[in-house]
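What follows is a set of notes on a single structure, which appears directly below.
The values are calculated or read from the model by the stated rules, or taken from the named source; none is laboratory data. The shown structure was predicted, so the numbers you read here are calculated from the model rather than taken from an experiment. FYI the Cβ positions are ideal-geometry reconstructions off the backbone, even for glycines, and counts take in every protein chain you see.
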Amino acid sequence: MSINKAKKVLKIEADAIKALISRLDKDFKKAVDTIARCGGRVVITGMGKPGIIAQKISATLSSTGTPSLFLHPAEAIHGDLGRVTKNDILIALSNSGETEEILKLLPVIRKMGAFLISFTGDKNSTLAKESDCVIDVSVKKEACSLGLVPTASTTAMLAMGDALAVALLDKKGFKVEDFAFYHPGGAIGKKIWLKVEDLMRKGPSNPLVGENATIKEVLYKITKARAGSATVVDKKGRLLGIFTDGDLRRHLEKDPGLPERKVKSVMTKNPTAIRPNKLAVEALRILQQKKIDEIPVIDKRNRPIGLVDVQDLLKAGLV
C-alpha cells in the first residue's frame, strides 16, 4: 500500500513538471534576457516551503555565475529590504500569489524600481498583476492525500528555477572553468585547477638513477623513496628511461641474475613524460590511456624534476 502511494506521489509530481514545458513563453524569455543584462543581483524571496525552494534556486544561480541572495519576506519588512537596490531583480515565489508577507513588499519594490519576476500558480493573483514577468508554475493538485501540503507545487517551482538557471548559464556562455572558479574545493575544481606540479613527487621521493646503475642499486633507491619506479637519466640529467615494478617482475622470472645487470639494458626507453604546468587530470588521462602507473615530470631541457604516481591522483580525489 505504501509503495503504491509513493508511486502515485511521484507520478503526480512528474506530471506537474512535464506540464511546465508548454508554459515556457515570452515571459520566461524576458526573464532570462533581463537577468542576463542585470548589473545587480537576483534577490529571491518566498515564505514557508517556497522560501526553502527560493534558497536552493538562489544557490544554483550563484554557483553558475549569476550573483544571487535569498531574502526572507518577513525579515524584509523589518529592515532587510535594504539589501535590495533598484539595480537588482526580485524573484518572488508564491503558489497562491497572495502570500501576505510578500504582498507587503510590493509597494516598496515598485517605488524602488527593481524588476519583479513571480513564480506563481495563479496568473490572476495580486502578485502576478504586480509583476513584470509572470512564470506560471501552477499544478493540477498537490501530491498529498489532503491536497494541502506543498508538494507538487514546490517541485514545480524547483524545476522551473533549474530551467531558469540553466538557460542563463547557456546564454552567458558559462563554461566548466567558470563553474570550477566558484567550486575550488570540489571535484570539478580540482580537475580544472590542480596541476602536475601541485602533486608530483620530488626530491628524495623522486628516485633518479644513472643508466649504469645495477638493478640492485635501483631497487634500493625505489624502496628508500617508497616509490613504484625509478627514472633513468644520462650524465647531463636528461631523461633516458624508467624502471618500474612491472619491469622487475617481467625480467626477474626470465633472468635470475637480474639484480647485477645494468638498468639501461632492461629499462623502458623513451617513456611518456609530462610537463609540470600541465593539469593533473591530463596526467590521469595519460596513465589510463597508456595503462601505466607512473609518469616522469620533465622540464624544458628534458630533465626529470618529479614523478606522478597513480596513487597521488587517488589521494587528490581525481580518481
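Worth pointing out:
- Test for THR223: is it of a type in the set (S, T, N, Q) and surrounded by 13 or more Cβ atoms within 10 Å (Cβ to Cβ): no
- Those residues of the stretch 131-164 which are more than 30 Å from the chain's Cα centre (by Cα), surrounded by fewer than 19 Cβ atoms within 10 Å (Cβ to Cβ) and over 30 Å from SER2 (Cα atoms), in sequence order: ASP132
- Taking (1) out of contact with any His (no Cβ under 9 Å at 6 or more places or on another chain); (2) surrounded by fewer than 16 Cβ atoms within 10 Å (Cβ to Cβ) in turn, ASP80 satisfies each apart from (1).
Per-residue answers, yes or no, for (1) among the small types (Gly, Ala, Ser); (2) surrounded by 19 or more Cβ atoms within 10 Å (Cβ to Cβ); (3) modelled with pLDDT of 90 or more; (4) assigned to a strand (DSSP E or B):
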| residue | (1), (2), (3), (4) |
| --- | --- |
| PRO271 | no, yes, yes, no |
| PRO276 | no, no, yes, no |
| GLU282 | no, no, no, no |
| GLN288 | no, no, yes, no |
| VAL297 | no, yes, yes, yes |
| ARG301 | no, no, yes, no |
| GLY306 | yes, yes, yes, yes |
| LEU313 | no, yes, no, no |
| LEU318 | no, no, no, no |
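- Index of the failed condition, LEU240 passing every other in (1) closer than 19 Å to ALA316 by Cα; (2) touching an Asp or Glu at 6+ places or on another chain (Cβ under 7 Å); (3) surrounded by 14 or more Cβ atoms within 10 Å (Cβ to Cβ): (1)
- All conditions but one from (1) in contact with a Pro (Cβ under 6 Å, 6 or more places away or on another chain); (2) touching a residue at least 60 places away in the same chain (Cβ under 8 Å) apply to ALA273; the one that does not is (2).
- Residue count for the stretch 112-160, restricted to those that are of a type in the set (S, T, N, Q), more than 10 Å from GLY97 (Cβ to Cβ) and either assigned to a helix (DSSP H, G or I) or not assigned by TED's automatic domain parsing to the domain that holds GLY51 (or both): 3.
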